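Below is one structure, written out as structure tokens, with a few remarks after it.
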Amino acid sequence: MFHRRLIALARGLLGPIALGVLLGVLISATYVAQALLLVVALTAIGAGDQQRAVLALAGVVAAVAVRAGLLWAREVAAAWAGGQVRARLRDRLLLQVADLGPTFVAQGRVGATRATVVEGVDALEGYYSRYLPQVVVTALVPIVLVAALFTVQPAAATVLAVAVGLALVVPRFKDATLLRSGRERWTTWLDINADYLEAMQGLPTLRSAGADRRRRDGLQTRSTALYVDTMRELRISLLENGFSMFVQQAGTAGAVVVTVVAVTGVVPAAAASTVLLVLLGAVECFRPVRDLTRAWHAGYLGLTAVDGLDALLSARPAVTDTGRRDLPSGSTGTAPPTIALRGVEYTFPGADSPVLRDVTFTVPAGSTVAVVGRSGAGKSTLVGLLTREIDPDRGEIHWDGIALPALRRPALRAGTAVVGQHPYLFAQSVADNLRLGAPTASDEEIVAAARAADADAFVRDLPDGYDTVLAEGGRSLSGGQRQRLALARALVRRSPLLVLDEATSAVDTVSEQAVVAGLRAARSASGDRPTCVLVVHRLATALTAEQVVVLDAGRVVQTGPPAELAAAPGPFADLLDAQQGEPAGAVLR
Ligand SMILES: Nc1ncnc2c1ncn2[C@@H]1O[C@H](COP(=O)(O)OP(=O)(O)OP(=O)(O)O)[C@@H](O)[C@H]1O
């Protein structure tokens, strides 16, 4: 029951595993010492040597006492080792998920990733804290005992060796089948997990579509099928356990019988102590085998969970951080950059054609450029490229003349504040949410940012103002309020580059004007106006930018000052005409 990924991960966990082995061996040693001392005591009683018998029995008591301490220590050590395993693996997985980024998370199923990180790691804990140490103990102790018994009673030792071998090896024939179906079952279980989470998140939609009962019945059917399948596997595993137990009993009886036959004619006292020694030795030989049978399930669970962990750990991020340079500094901090795109082309993995082609435009330092275009034109993809969630297949994007891949990714992230259409707010106070990217921001800075994002007034109307704890995801707020808080959160960071992707789509037009005014007044940490890229649907917002870039089917079809573009026939004017009926269109003309 080994897997290359589990062995590779074990390298970082050698300490906890070695401690488990050490304690397991010491516990076995106390059992063996107890058995030997019992033989000595009983032989002494038979010979009428009371003093020797008392001493040996005192030794038995001591062995029991020491073992009690060791068993306690093993439980504590297993719990500690389990904690270490969980903490280290989860750290590693969470770092990996963070490295893979939102593109990876969006491609997979959130519920399955969650189950891998939580239950998958729990399953692995038993593998390292109980199963692996017990495998080593079982490989050591019976060999040593059989070898020792061989010097006393070779025939009995041979019977024991065969029985231990059978008890360990025969059940393994079914292991491969059990593991294969166990791993398939784990994958099904991950799917069901993802379906449950999706059903919970989409409950309002399921209800409104009248599909909630159907979805529930589907989940119930799949869960029941999984349960029935698990029970069938359990029966096979119990049969194996039964066989192992039978071999152990038969082995013990066989060893005793051959010993009795072998000592026929020997002085009765010596014969009795030999039989006793073999009997107790056999019990101790099989004890680690029994313990391994008990720990087997922990190991089995770990192995069934390994595929999900392996897939997560083997996944490669869409971009790798090869950058070595920091952002260029201004006089008092990172200055707003000039962002230049040159011949950028991007095709999504598996797609037939590029979603962006030959995209070239410049956003001068401290200016605002609005990117507009019909739905599906490639605007959000452009945001992914600017923030380096993905890299272009052709062309380059420069930050003050430095290609983005040459910049350290943490530096790029620190210098870029991004707000999307569906921002996430955490179940913390409003103030804590606003401080997310700038933990040291003062109360005044928080309030100023909220004012700039037209959020201050509604925040003050909340029950505890800025101390109001929000519902998970910010669900206690309206969509527009969530967006305004997300904007405020971005402004608090005072980043030199601000990228807003439909960040005010749910905000009403009056509030949007206030937000736009707030954005104009925003300052980066260097005291300058930040460079700003706005992806907007509502063209009234585009009018406030210094420059507009019109995207159509992944190509830049027009660029220039919005007033000029609006006045002449062309793609921007066409988009305006299309929005004529909407309030924003009315504001424009
Ligand atoms: N992860 C993805 N994998 C494959 N294709 C994708 C992916 N994301 C987006 N696309 C495709 O790329 C094209 C551009 O999508 P994008 O989200 O950039 O458009 P957009 O201009 O932002 O649209 P909207 O205004 O509706 O948000 C669309 O045709 C979309 O189907």
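The values are calculated or read from the model by the stated rules, or taken from the named source; none is laboratory data. As the structure is a prediction and not an experimental result, all values here were calculated from the model. In this analysis, Cβ positions are derived from the backbone assuming ideal geometry, glycine residues included, and neighbour counts consider all displayed protein chains. Areas reflect the complete protein model, heavy atoms only, side chains present, ligands, DNA and RNA absent. Shrake-Rupley method; radii C 1.70, N 1.55, O 1.52, S 1.80 Å.
Think of the chain as having a plus end and a minus end, set by charges on the Cβ of Lys, Arg, Asp and Glu; of LEU470, VAL261, GLY378, VAL261 sits farthest toward the positive end of this dipole.
What separates the Cα centres of the range 16-65 and the range 381-452 is a distance of 67 Å. Multiplying the residue separation of THR559 and ARG374 by 0.36 nm and subtracting their alpha-carbon distance yields 65.1 nm. From most to least packed by mean Cβ count within 10 Å, the peptides 93-102, 112-121, 207-216 give 112-121, 93-102, 207-216. Between VAL510 and ALA62, the simple label model (points 7 Å from Cα in the Cβ direction) yields a spacing of 9.0 nm.
Each DSSP beta bridge with both residues in the chain is either parallel or antiparallel, and the antiparallel ones are about 50%. Restriction of the GluC sites (Glu not before Pro) in the range 486-589 to DSSP coil positions whose beta-carbon has at most 15 other beta-carbons within 10 angstrom yields GLU546. Per the 1.4 Å probe, what fraction of the accessible area of the chain, in percent, lies on carbon and sulfur atoms? Carbon with sulfur: 61 percent of the solvent-accessible area.
Projecting the Cα atoms of ILE27, LEU55, LEU303 onto the charge dipole of the chain, computed from C-beta unit charges around the Cα centre, puts LEU55 farthest toward the positive end.
About its Cα centre, the chain has a charge dipole of approximately 1420 debye under the convention of +1 per Lys or Arg Cβ and -1 per Asp or Glu Cβ, with nothing else charged. Debye sum, Cα scatterers, the range 465-554, no solvent: what log₁₀ I/I(0) at q = 0.17, 0.21 1/Å? For the requested q values the scattering log ratios are -0.79, -1.11. Amide hydrogen proximity for SER429: with H placed 1.01 Å from N in the peptide plane, the residues at 5 or more positions away or on another chain lying under 5 Å are LEU470.
Per residue, the accessible area of the chain comes to 48 Å² when a 1.4 Å probe rolls over the protein heavy atoms. Across all C-alpha atoms in the chain, the radius of gyration and Dmax reach 35.0, 120 Å. Dividing the summed -39500 (n - 2.57) terms of all DSSP H runs of n ≥ 4 by the residue count of the chain sets its mean residue ellipticity at 222 nm at -20500 deg cm²/dmol.
The peptide list 29-40, 271-282, 7-18, put in order of mean Cβ contacts within 10 Å with the highest first, becomes 271-282, 29-40, 7-18. Against the criterion of solvent-accessible heavy-atom surface with a 1.4 angstrom probe, MET231, MET200, MET1 sort, most first, into MET200, MET231, MET1. Accessible surface for HIS398 stands near 40 Å², nearest 10, in the context of the full protein assembly shown (1.4 Å probe). Ranking LEU485, VAL247, PRO171 by Cα position along the charge dipole of the chain, where only Lys, Arg, Asp and Glu carry charges on their C-beta atoms, puts VAL247 farthest toward the positive end. The label-point distance for GLU472 and ARG290, in a model that sets each label 7 Å from Cα toward Cβ, rounds to 4.5 nm.
Full extension of the chain between ILE143 and ARG114 gives 6.2 nm of extra length, using 0.36 nm per residue less the Cα-Cα distance. Most tightly packed first, judged by the mean number of other beta-carbon atoms within 10 Å of their residues, the peptides 346-355, 295-304 read 295-304, 346-355. When a/c reaches 1.5 or more, the comparison of a/b and b/c decides; with that in mind, is the range 339-581 rounded, prolate or oblate per its Cα gyration tensor? Verdict is prolate for the range 339-581. Taking the centroid of alpha carbons for each part, the range 217-293 and the range 497-563 are 74 Å apart. FRET efficiency for the THR322 to ARG342 pair, using the beta carbon distance and R₀ = 25 Å, is estimated at 0.80. Modelled label positions at GLU75 and TYR196, each set 7 Å beyond Cα in the direction of Cβ, lie 2.9 nm from each other. Taking amide hydrogens as placed 1.01 Å from N in the peptide plane, the amide H of ARG555 sits under 5 Å from those of ARG357, each at least 5 positions away in sequence or on another chain. Estimated at the nearest 10 Å², the accessible area of LYS379 is 10 Å² with a 1.4 Å probe.
Based on the Kirkwood radius over alpha-carbon pairs, what value in µm²/s does the Stokes-Einstein equation return for the translational diffusion coefficient of the range 392-536 at 37 °C and 0.692 mPa s? After rounding, the answer is 210 µm²/s.
Remark on the range 164-273: ratio of C-alpha radius of gyration to 2.2 N^0.38 Å is 2.00.
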